[in-house]
1. Fully extended, how many nm does the chain gain between LYS287 and TYR209 (0.36 nm per residue separation, minus their Cα-Cα distance)?
2. Starting from 0 in steps of 10 Å, tell me what percent of the Cα-Cα pairs of region 124-225 lands in each bin.
3. Based on C-alpha coordinates, I'd like the Rg and Dmax of region 232-314, in Å.
4. Can you tell me the length gained on complete extension of the stretch ASN417 to GLU63, counting 0.36 nm per residue apart and subtracting the Cα distance?
5. Once Rh is set to the Kirkwood radius over Cα pairs, what Stokes-Einstein translational diffusion coefficient, in µm²/s, holds for region 339-422 at a temperature of 37 °C and a viscosity of 0.692 mPa s?
6. I need the calculated FRET efficiency for the pair SER35 and ASP294, taking r as the beta carbon distance and R₀ as 41 Å, to the nearest 0.05.
7. With a 10 Å Cβ neighbour count serving as the proxy for reagent exposure, in which order, fewest first, do PHE168, PHE364, PHE299, PHE353 appear?
8. Modelled label-to-label distance, HIS71 and THR189, 7 Å Cα→beta-carbon offset: nm?
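Quick note: the coordinates plus some simple rules give every number you see, no bench work behind them. The structure presented is a predicted model; accordingly, all values stated were derived computationally and were not measured. All Cβ positions, even for glycine, are placed from backbone atoms using ideal geometry, and neighbour counts span all protein chains on display.
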Amino acid sequence: MSNSIKISYNNSNFEFPLIEGTENEKGIDIQNLRSKTGLITYDPGYKNTGSCKSNITFLNGEEGILRYRGHSIEELCSKASFVQVAYLLIYGELPNENELLVFENDIKKESIVDEDLKSILKSFPKSAHPMGVLASLTSALIAFNPSSVDVDSDYEMREAIVMLVAKFPILSSWAHRKIKGLPLNYANTSLSYVENITQMMFKRPNEDYDINPIVVDALNKLLILHADHEQNCSTSTVRIVGSSQAGLFASVSAGISALWGRLHGGANQAVLEMLEAIQKDGGDTKKFMAKAKDKKDPFRLMGFGHRVYKNFDPRAKIIKKASDKVLDELGIKDPVLDIAKSLEDEALNDSYFIDRKLYPNVDFYSGIIYRALGIPTEMFTVMFALGRIPGWIAQWLEMRKNMEPIGRPRQIYTGLNKRSIS
Ligand code: SDX
């Protein structure tokens, strides 16, 4: 295979190097395109554009493969805890016994937030969406931890990483408790990371709270499956905000806002709302399939389709199996699960979806499990963010360690030419 590509333009010939990744992904290195040819590329949504080289996550959209630092998500879901996967993504290897113990203890030590953050929380109305509350509280963490972090200091970076991993579940649970009008819970260092997430979200002040291992196991898998996904919209946001040398917390806060959108992480909430609307409308899935295919109708089958997966999202397969297991173990019969399954069956046999390679994605079944675990719909995207924290940290760190240039895309100007005030 040639290691360069030739372009002829304006009676000149230009040559650009081809680069190849460790999984045979090939790209044209166009870093000198404009200086050599005067041309730029045009690629709305960056569908064909690689923004970086990365060692963190590999996915193959055609074959439905997803690996974190070379480990498959299938293997990690069956053998690892979310904290171990967080360590893997951030530091590149699964922790040994001692590294895990130290990491978990460091997280426990930091699993407390400044009481003054409550006054910021108090200023939100109960009607606030928890993603907006969470983005603000995450940004506010900067005010309570103002020292700018030296990326080259492993000690300072470790501090900031542990702080974010430790405090994010507290802020997430507080966002939930606020909108429910419930008193805020604190982390309990005798519990595991995922056990703490459940007790901080659900423990009522007037009752004991029994940790449910089925809920913890399902949540552990869901957090692992959401932990990273290469250069998706919110991760690209974290990277580009960090490329201006904004801090880790500010960059993650921007990522939370990007994830909130219904075409991205907000889709899990939109899927449940869609399934409930279909159920309310009498459960006629064929009617909604027709709406999804009607170009004049803005309705889309939420939880279906993906920018990269043109086959089954491997995460959706695991979550679909887990949803059956969780509902069965918890003795829950959820009619929207049946609606989801019939939508999936119809779509998988419909030429519109087949031709466009539209399959269920990570968001299609996750909401059904979250609901079975007692998590309210408006908190589904917060659960996605909780999982994505280690991925955002790892990607931000890689971008800063590689000293990548500030992100600043070009444009093709199509506005008015020079004119004077008449
Ligand atoms: C996530 O990128 C990531 O990795 C994200 C994520 C992660 O882990 O970070 O995986 C998480 O965001 C998953 C995706 C969640 N979003 C949804 O479920 C929302 C519904 N899906 C779509 O809006 C859409 O599929 C996107 C946004 C996910 C992808 O859109 P693309 O790649 O820009 O594709 P497109 O919009 O150009 O669609 C191509 C065709 C179009 O039809 P034609 O113009 O070719 O006739 O497919 C159609 C679209 O109309 N289409 C759909 C559809 N998704 C695409 N038609 C009906 N229902 C849908 N859901």
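1. 23.8 nm
2. 14, 38, 35, 12, 1
3. Values for region 232-314 (Cα only, Rg and Dmax): 16.5, 52 Å.
4. 122.7 nm
5. So the translational diffusion coefficient is about 182 µm²/s.
6. 0.30
7. Least to most surrounded, the residues fall as PHE299, PHE353, PHE168, PHE364.
8. So the label points at HIS71 and THR189 sit 2.6 nm apart.
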